Each structure stands twice: as C-alpha cells, then as structure tokens.
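Below: one structure, written as structure tokens.
The values are calculated or read from the model by the stated rules, or taken from the named source; none is laboratory data. All of these numbers come straight from a predicted model, not from anything done at the bench. We place every Cβ from the backbone using ideal geometry, glycine too, and count neighbours over all the protein chains shown. Just so you know, the surface numbers come from the protein's heavy atoms only, side chains and all, with ligands and any DNA or RNA stripped out. Shrake-Rupley method; radii C 1.70, N 1.55, O 1.52, S 1.80 Å.
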Amino acid sequence: MLKYALYRLCLAVPLLFLLSILTFVYIQIIPGDPVAGMLGPGGTPALVAQLRHELGLDQSLPSQYWHWLSNLFAHGDLGISFITRQPITPVLMDRIPATLQLTVTGLIFTVALGWLGGFLAGAFKDTWADRMLSGITLVGLSTPVFWIGTILILVFAVHLRWLPAGGYVPLAVDPVQSIKDSLMPGFAMGLGLAPYLARMTRAATVEVQHEPFLRHARAKGLRGRTMLLRYAARNAVPSTIVVIGLQLGALIGGQVVVEQLFNWPGLSRLLIEGAVQRDYYMVQAVILVIAVLYVVLNLAAELAHAALDPRIRL
Amino acid sequence: MTAPAASAATPVTAQRRRGTLRSRGLLNGRVVFGGTLLFIVVAVAVVGLVWTPYPADATNLQARFAAPQWLHLIGTDELGRDILSRAMVGAQTSLIISACAVGIAAAIGTVIGFLTGYMRGVIDIVLSRVIDAMLAVPALVVALGIVAMLGASATSVTVALAVAYTPQFSRVFRGVVVAARDQTYVEASRGLGLPAIVVVVKDLLPPVLPIMVVQVTTSLAWGILDEASLGFLGLGVQPPAPSWGSLLIEGRQYMYDAPWLPIGAGAFVVVAVLGVNILGDGLRDVLDPRAWTRRHSYRKGGAK
Amino acid sequence: MTGATTTKRETPEALLTVRNLSVHFRTGDTTVRAVDDVSLSIGRGEIVGLVGESGCGKSTLGMSLLRLIEAPGEIVGGEVIFDGRDLVPLPEKELRRIRGRDISLVVQNALAVMNPVTRVGEQLTEVLRDHGQAGRADRLVRARDVLASVGFPRPAHSLHSYPHQLSGGMQQRVSIAQSLLLGPRLIIADEPTTALDVTVQAQVLQLLTSACRTQGTSVLLITHDLGVVAETCDRVMVMYAGRVVESGPVRQIFTSPRHPYTVALLAALLPLRGAPPPVLQALPGQTPQPNEWPSGCRFNPRCPRRAALGDPAICEAEEPALRDVGAHAIACHFPGEDAVGTGRGSVRVDD
Amino acid sequence: MTKPEVVFRLESVTKEFGGFRGLLGLNRSAGVRALDDVNLELRRGEVLGLVGESGSGKTTLGRILVGSERATSGQVWFEGTHAEALRGRALRNFRKSVQMVFQNPFTSLNPRRTVRDVLHSGFAARGLPPGAARAAAMAELLPKVGLSEAMLDRYPHEFSGGQRQRIVLARALTVEPSVLVADEPVSALDVSIQAQILNLFLSLRRDLKLSIVMITHDLRVANFLSDRIAVLYRGRLVEIGTREQIMEHSRHPYTRMLLSAAPTGDPDAPHHRPWLAGDATPAGPMSGGCVFHDRCWLRKIVKDPDRCATVQPPLTGLEEEHMAACHFAEQTPAAAEVSLVPGEASA
C-alpha cells in the first residue's frame, strides 16, 4: 500500500509540473499587451515599458517561467495583482478555508445522496423505486446549479426564513452560524453532483450483481445479508470512489456558481472577480491553486480506492 | 461453462446487439422522448427567428416586473421586456454557441485522440500527460480563464468552451482507439500488410463513431449548462443581447422581487438539457458497446 | 416432452436422482430448450462424468441441480431428488442450507467466483459462519486445516492472501478447499481444470478425486474433455443438444461406445503417443446452437450411422428415447452392436 | 539428402516487456522476460510444433515471427534478410509472407465487416484489382478452406467457431503467404470441430507447400501435426527435436512431466504421476540456474542440486536434430524408469 501511495505520488509530480507550465503559458498567449490594457488609456509607452520591466515581462519566456516557478517554490509567491498591485498569495490564503469548508460540505451531501440513491436504485433494479430514483437523477443531471440554488434561496431563505440567503462566517468565529451558512450552498452543490454519483453507483451495483462471484456466493449458501454487504456493497463502492475523484472537477466548477450565488468569499469568487477585472495574474494563480487542489483530492480518492480494493495496489 | 462456451458468449451478444439495432433501430423510448424535447426547444429557437410574442427588446415601462400571466407567459423584466420573447431569441445564441463549441472540441479532440491512441510512443506519452494536466482544471474554470483573457463575447465563450471540452473528447477517443487497436482483428489487418489509413478507416473508425455520437450529446448538455453558467457569472454573452446566460445575469439582480426572471430563463435551460440528456441516454443504450457488455456480458453462451 | 420413457437407473443407494428434468430459456417469443427431459442418478461415493460440447446444456444441467439458473432460464419440469427430498419445489430458505453444505460447486474460473476484495481466510470462514459454525477461532482453524489438505505449503500464511495474489492452480485449490469445507455429500465440478495448464490440471484433478474417494463424496464432473473423464470417473454420461445420448460405466463407453456421437467423439480424441493417423475422422457439420436443434434425433444431420444406413426417415421424424442396451443406456433408433462399425468409429484411442 | 532450406532463423532472441513505458508507469508488468536467448529455425515446408504452458513465451515468439512484436535483442532472419531491418514496401511484403492465425476465432474477425469485405481487403493488399481477378482468386480460395460463395455476405457472428476459423484461414491465404503462424488455432473449438480444422491444416500444408508454426499447449495436437517439436518453458527453449524424438524419447525432465500430465483418454492407463509438482508461474523471483530446477524431479534423483540452481544449462545436441537444455539429459530415460512404478515406463 505504501509502495502504491509512493507510486501515485510520483505520478502526480510531473502532472503538477505540467500544470504549472500550462498556467504559465496561459498568460503568455493573451492577444494584445496585458500591461497596456491594465494601465488603460492613460498608459504612455514609457509607463508601459517601465511596468513591463517591473513585472519582468521583458525577459525571455523560459527565464520568466523560471523566475515565476522559483518564486513560487522559495516564497510561495504567486506574483502581484494587476489591479491592486498587492501580492496575491496572502489574498489566496485568506480564501482557502472558506473554499475548503464549502467543498467538504458539498462532498458530504454529494456522497450521502449519491451513494444512498444509487445503491438503493441498483439493489432494487427495475422496481418503482429504481424508476423514480433514476428519473430524479436524470432531472438532477439536467438542472443547473444556479437554478437549484435560486430556488433553494427563494424557498428556504425568502419564504421559510430558515437559513440565511448567503454570507459566510469562519468556522472558528461562530461554528453554529458557520455551519448554518454553509448548509444551503453545500446542499446546492450536492444536488448538482449527486446525480452523477448516484448514476455510477447504480451502474456499479447492478454490475456487481451479475458478477460470477455473487452467483457463486449463492452456490455457497451464504446468507442474503452477507451477499448484500460483503459482496455487493463492498465491491460496488470502491469504483465509485474513483468517480468521486474524477467528478471533483465538476464539484469545484459548480462551486464557482455557488460561491457567486450565495455570496461566499471563496477562491472561486476571487477567480470571477479577477476574470471580470481582467486581472490575469490573479486568474492564473487561482486556476493553479484549484488545479493543485483537484490533483491532491484526486490522489486522495485514488488512495482510498486502493485501500478498499486490494487488486489496485501492487 | 466450458472454454468453448465461454468464447461462444461473444457471438451471442453480438447477435443480440444486431437484433436490437435492427428491430428497434435507433428508436427506443428515450431517444424519441429526448429527441422530441430537443426538437421543441430547437423549434422555439427557429420560430424566434421570425416571430416572437413581443419584439425581444421592446421596453414597456407600464409592465415592469409583471408576474407570469396570460399576456406575458413568464413575466417581464425591469424594463418591461417580455421574458418569453427574449428567451426565444436567446435560444438561438445559446444553442449555436454550445453546438459550435462542441463541434470544434469534437473535431480537435478526435484528431488528438486518434494520434495518441494509434501512434503510441512519444507523441502519446507527451500529449496524454498534457491532456491529463488540462483535465485537472474544471471545464468551467478553464472557460472562465479564457473568457477573462479574450473578453466576454459570444465568440470568446464559444472558443472557451471548445478549449475546455477538447481534452475530454481526446481522452475518450484515445481510450476507444486503444481498445480497438488491441483487437486481434486489427492486428490481423495490419498483418495483411494493409496501409495504416485503410486499417483506420475499416477497423478503427466504425467503433469510434457511435461513441462519438454519445459523447457529443453529453457535451452538448454540458455546453448549454456552461454557457448559461458563464452568463450567470457575468462572463457570457453580455446584456442587452439576449442569450439564456445573459438573461440569467439580468434576472439575478432582481431575484427577490421578480423570481420568475431567473427561474423562467433557467427553465428553458432545464428543458433543453433534459432533452439532450435523455436523448444521449437513449443513444448510449443503442450505440455504445460498453453499455451492451455491461448488460449482457454475464449471460452464458447457451442461455440466450 | 417427446414421450421418452424414463430409464430407471438409480440404485437403492442413489444419492441424487434426476427425473425428466427440463430447463428452458424464454426470451420474447422464442423458447430455448437448453436441457430437455434428462434423467440421471448419482450413487453415493460415485464419480460421474458429464461430457458434451459447448452449448449442449451440460453446465445448465449442473447449475439447475442447485437451482442456480438465472432468468430467463427456468426449470419447467422434472424432479431433482437429493437424499430423498425434491429440490425443485423447495423454498429458497431451505435450499440455502443445502447449497454449500450438502452440495457444493466448483467451477472453471476460480478467480472470478471469489470475492476480489476479501482475503482467502475470510471467504472460507464466512461460509462456515453462514452455515452456523460457531466460534471465530474454530472457524479459522478449520479454514487453515482445509487449506493444508489441498496442498498449501503454508496454510496459515495463505489465509491472508487475496485471491488475485495466487496462481491459477492455487486459486482452484482454494476453490476446492472451500467446496470440501463442510464435508458435502455431492460436489458438482463444472470444468474445474479447463483453464489450467496440463501439469496443474493433473494435480488438481488428482487432489479432487482423492479427497472425494477418502471422504466418500460423490462428484458430478462436467467436462468437454473425454481424456479427463477416462482417468477420473466411474460412470459417464454423454450429452448432445440438450439430451443425454449415452451413459454407462467408463470402461464400457470407452471400449465399446454405442451411440454414433460417442463413437465420433472418441475418434476425434487425438493420440498422445505413437505415429499419428494420416487424417482424422471428423464429424461433418457444426455443433448446433441451443435455439436451432434439429427435429427428430438431434444428431441426425451429422450422423454417420444414419448416412451408412441410407437415411432412414425415423431419425428425422422421431426423437429416440434413452434405452438400456446391455450395460449402457443409449438414445438411438439403431443401437445394435453391429451398427457401431458403420459409425466409422474403428479408430481406437490407444492403438 | 539435401540440407533443408531455412525460412526463419532466430538467433538468441530475447524479449522483455516494460522498459521505457514501464519506467513512466504506463506498463506495470515492466521488466518481464518473456523470451530468453531463443535459437530456432523454421524449414521450408515443415510443421514446427511450439509447445509450452502459460507464460512459456510461445505466443510472444509467434508474434515476433509475424512482426507484430519486436525482439529486445537478438536477430530474426527471414529468407536470408534481417526481418527487423525491413521498412516500407519490403516490410509489407514480409508481413504478407508470414500470416498469423489466432486462438480466438471470435475476436479475430471484425464484427462489423462481412466475410467478402474482409477477404477483399486481403486481395487488395496482394495487389489484385477489383473485378474478374478477385472473383477468380475467390473462386480458387473458397474450396481450399471449405467455405461456400453463399457465406460471403454474412457477418462473422452468424458463424460458429469452426467456420470462423476457416474464414480466418481464408483471410490469411488471400495474400499467398509462405509461412503460417497458428496460435492455438483449435483450442477454443469443440472436439468434433477440432478434427475438421486440423485436417484442414494438413491439406493446406500439402497443397500449398506452406511452412507452419503450430503454437499449442496441447501435446496431442502437436503430435498430430508436427514434423519437429520445440518445447518452451518460462521463455527458454528447453528441448527440440523431431516429433518422434520429443514424444517418444524426450530427454528434458520438463518434457517428460508434460507428457505424463496429459490425459491419455484411456481408462486402463495407470494414473500414477510421481513427477508432477508446482506450476509454471514461479512463486518468487528466479535466482538463476536452470529455469526448471524448482520443479525438477530429475534433479532430486541425480542429487546434484548446486549445478542446477546456479548454472543455466545450454541447449546441447544429443543426436541428430535432437537438442535439450539439461545438465543431466543423458540420464533422463534411465531415471524415468527408476522413478516410475514398475510397468509404467511405457512408450
């Protein structure tokens, strides 16, 4: 297992390296001069040149990359914002707890709804319960997060007044309020992603039921409970963990919308603000952090899968 | 089950497959239902070209924020414009953007998928890793980043979504091509000394096409959703030009006073995506061999 | 279904008696008669071979004895009497106690039928537990002992292995260990060695038969390999197209086969030693698929004897019943001893 | 007697899987040596049986012969030219000359193409223009493999295993090969169909003067078809000789073990098998020495364990045609007599 973990970790390193190149290249292919755009109509050529020099943009690409990467590694420095001229890293660090809290809440809802729904539908394949759950799943797949979120706000915040319509209090400041705040955005994210998980879980559960080892379990005269839990569930779950890992991208993508809708001060809001203001370095930095987050969470999912399925680890 | 029987399971499923294809054709229930929904949405968009209940940008300050009613089926906005009319016109923009984005992504992704899957070697290793890295960034985030670069417009949204979807296409096709390439019959074709292009056209393309259809529908659903999401985030087609996305960003500001604004425009998205998804599901059942094996592989040779 | 008479072959000490068993698969408007009106019996401690080619229904027959046929297949008629009780109408709950305890199953692909995510030890002990063996420690001891008995050099160590970590031969040994665990009275072994290398096949067969001989366990050995049957079984039944066409003691069948199909099967058996024949006696045509069985005698389109006799009409018109002829039972309209020669079956295995 | 013409010559061919791709984590079975220093020749017009159990490398060897796999080291000579150096047109001509028949007739035909389409591809590869030339070639080809014109417009799934194997043979013959590499061509077939296909191989060899490499795990099949038989074990050639030398007078203890394990189909034959032990996949990493030493019965009898465990015996000639890779090949027949229960040392 340890060997496998190391092996996966080693695979992640070149991936992260490539990611850093990609995000770096991203800013280089912007048509036009970002600096000129940044200074607006007031930017004289001299001013532009000076700023370019300050930002190191007048150096060769590889040396810029090297500079950027070494700053990132040595000081965790992601550059400065085009707009505020402040270092980006502290701003990012500020936002990460909120984003993590939302991700975790969303994941909890996703897993709870997705696994339960999918396993029930799969275990009772072709019954009315399965058809109903599959129908809900399909509608869920087709419903945009902002739409679900809007309706949730209208129902639970505006109409019933049970939960706040938006906002964020750090967990450390007021745990109860913080959890209340994160319930609705988390639920919206869960509703967005759970259909995928439910679908995969259902497929895996159905598939497992046709596995020869399940038929053979009957031949061994095992109890129904043993077959359901130790055979069906135990074999269906691991493959869905990989799905969760792969769908994390969608989860984080959905988070962009949710943070905006619920006024949640996470990373994604920073991304949107940066995008709207065309703050390229900010956008670049957030994308890098989101990608790293994805790679790390995905790695965790792979390892969890390996922990549950001995055939994976060698 | 005997060894010969085990291998005999293959032709049996093959027979089933062909039987299903021929007798039911492409017309299973979900294909029909999903296709109908999609057809309605497209029809509404086409009708919107020539006729809408009201001119899409006609303001009517007497009827600001009108709730859904007979004259305005899904209400009006802050300038008294009819949401239904705007959504009908916006449908064109949204559908064209997503269709173009998916088309471009499919074209490029297929080429990359074939290159990496068939060539293997260094090309495969390098490109596949790059694709992996690109897939690590969520499509919507990629699109956001690109729109930020290019400025929000219909064109940049199209380009952004196309770039965001390309890695998925190439990964799916690489998988299919690699699987097909390892088939013994492909090895046999190569063994006959046939040129690579013949092998690709005769043996590799046919299994890819049905999966392409399925993947295109799936991505189309995503395209409609993501276009709307970008609009919602203020980075899509910019108001006052109508698209489902831009209607949403307008509607969001008045969410509390006029909830029908976001909900009404969103409902169009839901119906369109639902149609595409159901259609895609149906097509997957009919076309995607991976779904067949899932359903039939357990069957025994003799147990037809 | 064709008015075939039941041949009463069961002896007083028969452990399992099958009478007129039919298993059909119904899909849409077609009905596939996978097993058609089959009767057989297995004595206590007897090793019986069930031989046939792919699609002849031998595996379906084996599975139906444990009532493990999956939809759309179902037992449409007949009795499976095990130790005095008919298993066909038995409630699933009672059947569960018989499966694995009194009748156990060994199949071809041992890896596929083991739970991939649990260790060997757990798979063995859970069978004991679910059949009411109390005491975790006792169960572990039993599991270890049974692994030792099937030739695991370090049984305690192997309890901690996952199935995929074992070689094919070892996987099949675990499978056999599991089938022996509760001291069953009948083992249904469906192609237990087909996927294995020859050297491993011989070892595993030896293991299975010697364990059963010492414990007095009966075995139904389903296989397509007559070579395996010859050296393992006491009695053999030959199936063709859903029906038993010939049955009898192994030596009888191998030295003087009566049914033209059996004759052809034996002729197709390649010699291991000695100069090979210049050309093989090959049956014409193809093995029929379960949904396209010929009318009348199902072997008639390929039958050399029928051809030699000038295509008598009865072969196409009427299905022959399994009848006793000497020490065998044979389902042929022309079972006469003299007819054997016309079956081109003169190529013996070992000359 | 003239020296037989050699079609293929393999010189110390070694094949390892893994390497670069393994390093990058793309292939986890890195560093597996499927073939180890194999020297072998195929003669014009002969049937060479290639016998071995799983993991013996026999399929890899076949794939190297047809050029779909490249040897890691060593040389493959085809009709006097270095096969691995061929490029472009010459490579394609080589591939046409050496055709493969696969084990599983259900995966070796594209389910989406009719038989006619498949065969026409072959004719196209041979350079026959569409029309009369192909029709004539078709009319000539079909009876050779026992197919009829009426079958041409059907899809593979409409055929049974035996018929499919005929189609596969027909496809191979469209390009007029001189060598056929058949990888377990009958092991997926029913016993009654096996005989038909084996007879077909015999007639093809006779009528078309083909050289055939018959890869099989079934000694009975090898015995029926082969002129010479080569025995592979864990990637090494352990014994080679004429059919009679291998089947009746084998000198390598592994060959003896294989022979003793094969079911005879004779209810009266004694089934005592004192030699059998272990299986072909090694339990742990092999530490050198003879590849067979961990399972060897002869080694126990001759009581010289050190040499077997440390020195890999080379393939050495015993008599004309017959070679075995065993330190104690001379003693095998006598030792076999001793180790068997009296009366059992048949053959």
Expressed in µm² per second, the diffusion coefficient of chain A from the Stokes-Einstein equation, with Rh the Kirkwood radius over alpha carbon pairs, at 10 °C and 1.306 mPa s, is 71 µm²/s
Sorted largest first, the C-alpha extents of chain B along its principal axes in whole angstrom are 79, 45, 32
For region C:110-183, the convex hull over Cα atoms projects on average to an area in nm² of 4.3 nm²
Evaluated at 10 °C and 1.306 mPa s, the Stokes-Einstein D of region C:23-105 based on the Kirkwood radius over Cα pairs, in µm²/s, stands at 114 µm²/s
Between the Cα axis of helix C:168-180 and the main Cα principal axis of chain C, the angle (0 to 90°, nearest 10) is 80 degrees
Residue D:73 and residue B:198 label points (each 7 Å along its Cα→Cβ direction) are spaced in nm at 3.8 nm
SASA check, residue D:37, accessible area w/ 1.4 Å probe, all protein chains in place, rounded to nearest 10 Å², comes out at 60 Å²
Kirkwood Rh for chain D from C-alpha pairs, in Å, is 21.7 Å
Stretched fully, the stretch from residue D:334 through residue D:139 gains (0.36 nm per residue minus C-alpha distance, one decimal, in nm) 64.6 nm
Longest principal axis of chain C (C-alpha) makes with the long axis of helix C:198-215 (C-alpha) an angle, in degrees to the nearest 10, of 80 degrees
Output field shielding_mean for D:109-121 (other chain Cβ, 10 Å radius) holds 4
extent check for the protein assembly as shown: Cα max minus min per principal axis, descending, whole Å, gives 108, 74, 70
At q = 0.12, 0.19 Å⁻¹, the log10 of I(q)/I(0) for region B:64-190 from a Debye sum over equal Cα scatterers comes to -0.62, -1.00
Measure of exposure for residue A:63: accessible area at 1.4 Å probe, Å² rounded to 10, is 40 Å²
The answer for chain D, accessible area per residue at 1.4 Å probe in Å², is 39 Å²
Expected max-MSF residue from D:305, D:333, D:314 in the GNM of chain D (alpha carbon, under 10 Å) is D:305
Relative to chain A, whose Cα atoms define the longest principal axis, helix A:128-142 and its Cα axis are tilted in degrees, nearest 10, by 10 degrees
Comparing A:49, A:275, A:250 in a Gaussian network model of chain A (Cα, 10 Å), the one with the largest mean-square fluctuation is A:49
antiparallel share of DSSP beta bridges within the protein assembly as shown, to nearest 5, in %, is 60 percent
Over 29 Å (Cα to Cα) among D:58/D:303; A:220/D:300; D:96/D:144 -> D:58/D:303; A:220/D:300
Once B:222, A:128 are ranked on solvent-accessible area with the largest value leading and a 1.4 Å probe, the list reads A:128, B:222
Magnitude of the Cβ-charge dipole (Lys and Arg +1, Asp and Glu -1) of region A:123-232 about the Cα centre, nearest 20 debye, reported as 640 debye
The correct ranking of B:39, D:224, A:156 by accessible area at 1.4 Å, largest first, is B:39, A:156, D:224
Residues of region D:53-71 with backbone N under 20 Å of the label point set 7 Å from the Cα of residue B:120 along Cα→Cβ are D:55-71
Trypsin sites (Lys or Arg not before Pro) in region A:219-300 lying in a DSSP loop, each with at most 15 other Cβ atoms within 10 Å of its Cβ, come to A:223
Computed about the Cα centre, the charge dipole of region C:110-183 from +1 Lys/Arg and -1 Asp/Glu charges at the Cβ has a magnitude in debye, to the nearest 20, of 140 debye
With N residues in region A:97-261, Rg(alpha-carbon) / (2.2 N^0.38 Å) equals 1.19
Normalised per residue, the volume inside the convex hull of the alpha-carbon atoms of region B:162-295 in Å³ amounts to 124 Å³
Expressed as a percent, the accessible surface of chain C that is carbon or sulfur, using a 1.4 Å probe and the full set of protein chains, is 51 percent
Taking the dipole of chain A about the Cα centre (Lys, Arg +1; Asp, Glu -1; charges at Cβ), the one of A:97, A:82, A:117 that reaches farthest to the positive side is A:117
The computed P(r) of region B:84-135 puts the percent of Cα pairs beyond 13 Å at 67 percent
hull vol. (C-alpha, convex hull) per residue for region A:211-314, Å³ -> 125 Å³
The Cα extents of chain C along the principal axes, largest first and rounded to whole Å, are 70, 51, 41
Ignoring ligands, DNA and RNA, the residues of region D:175-208 whose accessible area with a 1.4 Å probe is reduced by 20 Å² or more relative to the chain alone are D:188, D:190, D:191, D:192, D:193, D:195, D:196, D:199, D:202
A 1.4 Å probe over the protein heavy atoms gives chain D a carbon and sulfur accessible-area percentage of 52 percent
One computes Rg over Rh for region B:183-238 from alpha-carbon atoms, with the Kirkwood Rh, and obtains 1.39
The correct ranking of D:300, A:125 by accessible area at 1.4 Å, largest first, is D:300, A:125
Treating only Lys and Arg (+1) and Asp and Glu (-1) as charged, each at its beta carbon, one finds that chain D has a dipole about its Cα centre, in Debye to the nearest 20, of 1400 debye
In terms of the charge dipole of the protein assembly as shown, which places +1 on Lys and Arg and -1 on Asp and Glu at the beta carbon, the residue among C:168, B:177, A:294 farthest towards the positive end is C:168
Using a 1.4 Å probe on heavy atoms of the protein chains only, the accessible area for residue D:337 in Å², nearest 10, reads 110 Å²
Checking A:251, A:141, A:107 against a Gaussian network model of chain A (alpha-carbon springs below 10 Å), the top fluctuating residue turns out to be A:141
Ignoring ligands, DNA and RNA, the residues of region D:51-78 whose accessible area with a 1.4 Å probe is reduced by 40 Å² or more relative to the chain alone are D:53
Simple spin-label estimate for residue B:39/residue D:44, 7 Å along Cα→Cβ, in nm, reads 6.9 nm
So the C/D interface buries, both sides summed and with a 1.4 Å probe, an accessible area in Å² (nearest 100) of 3900 Å²
